[in-house]
Amino acid sequence: MQIFQNLGNEALELLLPIIEPVELPAGMKVFEQDAPTQYFYLLKKGEVSIQFKAEDGQTIPVTTILPGGIFGWSAALCRDCYTSAALTLTDCTAYRLIGKELQRFCQQHPDAGNLILESLSNEVSNRLYNIHDQVMHLLQQRFDSSMRKLQQGNGSSIFSN
């Protein structure tokens with residue numbers, strides 16, 4: 001798993017007891033947006049869709065997690081609630097860690113913890129960049145749709161002479 005690739009064998013051995021393998025069937029809602037956080041996941045096999053539900057109720061697919069990717073990072077950051085939902089697209093095999101256990105590990109083993117948090121930070125920043133792109137695309141689609149409706153409604157738009 002990429003997030004643990006820079007850890008030494010000793011740190012990996014200490015981490016193993018808090019890692020639990022799980023099987024997640026296709027179509028399973030792993031967690032809901034705004035649900036209390038508990039687990040942080042590392043995907044070994046399969047595909048997971050990360051989805052954000054906007055205030056208007058529309059679900060925006062943020063990204064697809066592929067093998068080697070992570071999801072549920074709100075739990076690893078000890079946030080109260082997940083900021084998005086996770087839905088399995090295929091049968092998946094993953095490893096999960098209780099977020100508070102990962103935080104405790106990082107506190108007890110600060111050198112290893114810093115490496116994990118750096119990897120997590122890189123993943124989170126990439127995800128946030130992707131969310132920005134998705135929101136911009138959605139806003140552009142809505143703007144274009146509104147402009148077409150306006151033009152069809154009276155044959156002109158607010159931008160025409």
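The values are calculated or read from the model by the stated rules, or taken from the named source; none is laboratory data. Please read all numbers here as calculations on a predicted model, not as lab measurements. Note that we place each Cβ from the backbone using ideal geometry, even for glycine, and neighbour counts take in every protein chain shown.
Pairs meeting the criteria (first residue in region 65-86 and touching a residue at least 24 places away in the same chain (Cβ under 8 Å) and under 16 Å from V22 (Cα atoms), second residue in a helix (DSSP H, G or I) and of a type in the set (A, V, I, L, M), beta carbons under 7 Å, at least 6 apart or on different chains) are I70/I3. For region 48-102, filtered to residues that are surrounded by fewer than 18 Cβ atoms within 10 Å (Cβ to Cβ) and of a type in the set (K, R), the residue that is nearest to Q140 (Cα to Cα) is K53. Among the numbered conditions (1) closer than 13 Å to G72 by Cβ; (2) buried (at least 16 other Cβ atoms within 10 Å of the Cβ), the only one that Q38 does not meet is (2). Among the residues of region 103-110, are any part of a helix (DSSP H, G or I), at pLDDT below 90, under 30 Å from G8 (Cβ atoms) and under 16 Å from the mean Cα position of the chain (by Cα)? Among the residues of region 103-110, not one is part of a helix (DSSP H, G or I), at pLDDT below 90, under 30 Å from G8 (Cβ atoms) and under 16 Å from the mean Cα position of the chain (by Cα), which makes the answer no. Checking the stated criteria, E55 turns out not to satisfy the condition of being charged (D, E, K, R), touching a residue at least 40 places away in the same chain (Cβ under 8 Å) and over 30 Å from P110 (Cβ atoms).
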